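> Take this structure first; my questions come after.
Please treat every number below as a calculation from the coordinates, not as lab data. If you're wondering where the values come from, they're calculated on a predicted model, not measured in any experiment. Every residue, glycine as well, gets a Cβ built from its backbone with ideal geometry; the counts of neighbours run over all protein chains shown.
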Amino acid sequence: MNPITIYQPGKIVFGANTTGQLPGDCRLLGYKKVLLIFTSPLKNAANELAGKFENLSIRTELMEYRFGEPTVDYFNTMLATAKTVRPDCVIGIGGGSVLDTAKLLAALWNSEQNIREVFGKNLLQSRKCGLICIPTTSGTGSEVSPNAILLDESDAEKKGVISPFLVPDSCYIDPELQVGLPPKITAETAMDALSHCIEAYTNKFSHPVTDAYALAGIKLITGNLEKACQNGFDLDARSALALGSMYGGMCLGPVNTAAVHALSYGLGGKYHVPHGLANAILLPEVMRFNLDTCPDKYREIASAVGAKTASEGIEKIEALAAACGIPQKLSSIGIAQSEVENLADLAMKVTRLLVNNPKEVKREDAIEIYNKLLLC
């Protein structure tokens, strides 16, 4: 077995309506001032939480997240605000962008390090502020991972901060907060979570501990995604996706992702394709590229999704994405042939993820994968 180190939140609360426990838990932890970061659709939920905090004599500052995927410049704007608030706990409620931002704010608002100094692995020196994450999508698994991603506008690259200090102290995974999420967001975020599980399971550095999480996540997500897209109020399906996403997040620290994510970063960084959508389009083709390197693993994935052969398993995942409204080709989202070489160059820079792929990905391989996804 490969060596493995696993970091997880000290407390994971899972279940419908469990967010209601949060204010009382914060009081027990002795927090006096919290910074609550949320997105516009969650304004009512954030205000309700803030009222409960205030009733317990916990001062609450609200910060509305008004961006798409977070950039360095936008993060620094929020960081300046956090420095004036001086919270003893940062709470993020939202999708992966909000949670990643909350994690970095908690680590850096009272630190002498700046964001550019901590891009990379284990460069963050400490976190002196409490951190709580509440996911409202089933996608990134950020609530249980040591990772945070920002887009650096200076070179149009997505860059990661990986550190045990970014693992939240606690997280509250409440499927009720995901009820009614639009089908498009449901599908894209869940396909992101599925790619976490598949890339962890087939990873060069895979391990039986994370394999168990990954396979469980694959079964939960593929078995419930279409149900959640068809009926956004199906709490059982929402709960299954939330658990599958959490399992995928638990794989990110010890094992991390591989070529799917590396090839998607240029699509997001330069062409602003939503992260989950980019991964969903790339996933089947990268699986086919890797298939001959770890056929046994792909047969296990096929079994998990109810297919008989590895190839059928890939086709079933592709069909699931299509059934949930995910485009099958990069050309469907406006990517042209002329952009392929630039995309390949950007992908080759993401060495921290490419090194995890079970099969070496050369520049010409990346070009071929992109080209296959441009054919009509």
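> How much length, in nm to one decimal, is gained on full extension between GLU315 and LYS362, taken as 0.36 nm per residue of separation minus their Cα-Cα distance?
14.5 nm
> For the chain, how big is Rg over Rh, using alpha carbon atoms and the Kirkwood form of Rh?
In the chain, Rg relative to Rh is 0.96.
> List the relative contact order of the chain as a percent without decimals, with contacts defined as Cα pairs under 8 Å and 6+ residues apart.
For the chain, the relative contact order is 16 percent.
> Please compute the Kirkwood hydrodynamic radius over the stretch 183-372, one decimal place, Å, based on all pairs of different Cα atoms.
For the stretch 183-372, the Kirkwood estimate is 16.2 Å.
> Continuing with the same structure: Kirkwood-based Rg over Rh for the stretch 11-177 (C-alpha set), two decimals?
Numbers: Rg = 14.7 Å, Rh = 15.6 Å.
Rg/Rh: 0.94.
> Sort the following peptides by mean Cβ neighbour count (other Cβ atoms within 10 Å, averaged over residues), highest first: 93-105, 309-321.
For the peptides 93-105, 309-321, the packing ranking is 93-105, 309-321.
> Taking other Cβ within 10 Å of each residue's Cβ, how do ARG27, ARG238 sort, fewest first?
On the way: ARG27 16, ARG238 26.
Lowest to highest Cβ neighbour count: ARG27, ARG238.
> If you put +1 on each Lys and Arg Cβ and -1 on each Asp and Glu Cβ, how big is the dipole of the chain around its Cα centre, in Debye rounded to 20?
The dipole of the chain has a size of about 700 debye.
> Based on the mean of other Cβ atoms within 10 Å per residue, sort peptides 333-346, 273-286 so the most packed one is first.
Ranking, from highest mean packing down: 273-286, 333-346.
> Give the angle, between 0 and 90 degrees and rounded to the nearest 10, that separates the Cα long axis of helix 208-230 from the longest principal axis of the Cα atoms of the chain.
So the inclination is approximately 90 degrees.
> Which value in nm describes the separation of the simple spin-label points at SER154 and THR351, placed 7 Å from the Cα toward the beta carbon?
Here the answer is 1.9 nm between the modelled labels.
> Which residue, ALA200, THR351, ILE4, has the largest displacement toward the positive end of the dipole of the chain when charges sit on each Cβ (Lys, Arg +1; Asp, Glu -1)?
Farthest towards the positive end: ILE4.
> Okay, moving on. Tally Lys and Arg at +1 and Asp and Glu at -1 over the other residues with C-beta under 13 Å from the C-beta of ASN371: what net charge comes out?
Here the charged neighbours net out to -3.
> Moving on to the next point. Quick check for you: which residues of the stretch 51-93 have the amide N under 17 Å from the point 7 Å beyond the Cα of HIS272 toward its beta carbon?
Answer for the stretch 51-93: 66-75.
> For the chain, take the longest principal axis of its alpha carbons; what is the angle in degrees between that and the long axis of helix 96-108, to the nearest 10 within 0 to 90?
Orientation of helix 96-108: about 50 degrees from the principal axis.
> Related question: So how much slack lies between SER126 and ASN231, counting 0.36 nm per residue of separation and subtracting their Cα-Cα distance, in nm?
Gain on stretching SER126 to ASN231: 33.5 nm.
> How far is the Cα center of the stretch 209-263 from the Cα center of the stretch 338-374, in Å?
A separation of 24 Å, based on Cα centres.
> Give me the net charge of PRO9's neighbourhood, meaning all other residues with Cβ under 9 Å from the Cβ of PRO9; Lys, Arg count +1, Asp, Glu -1.
Counting the neighbours of PRO9, the net charge comes to -1.
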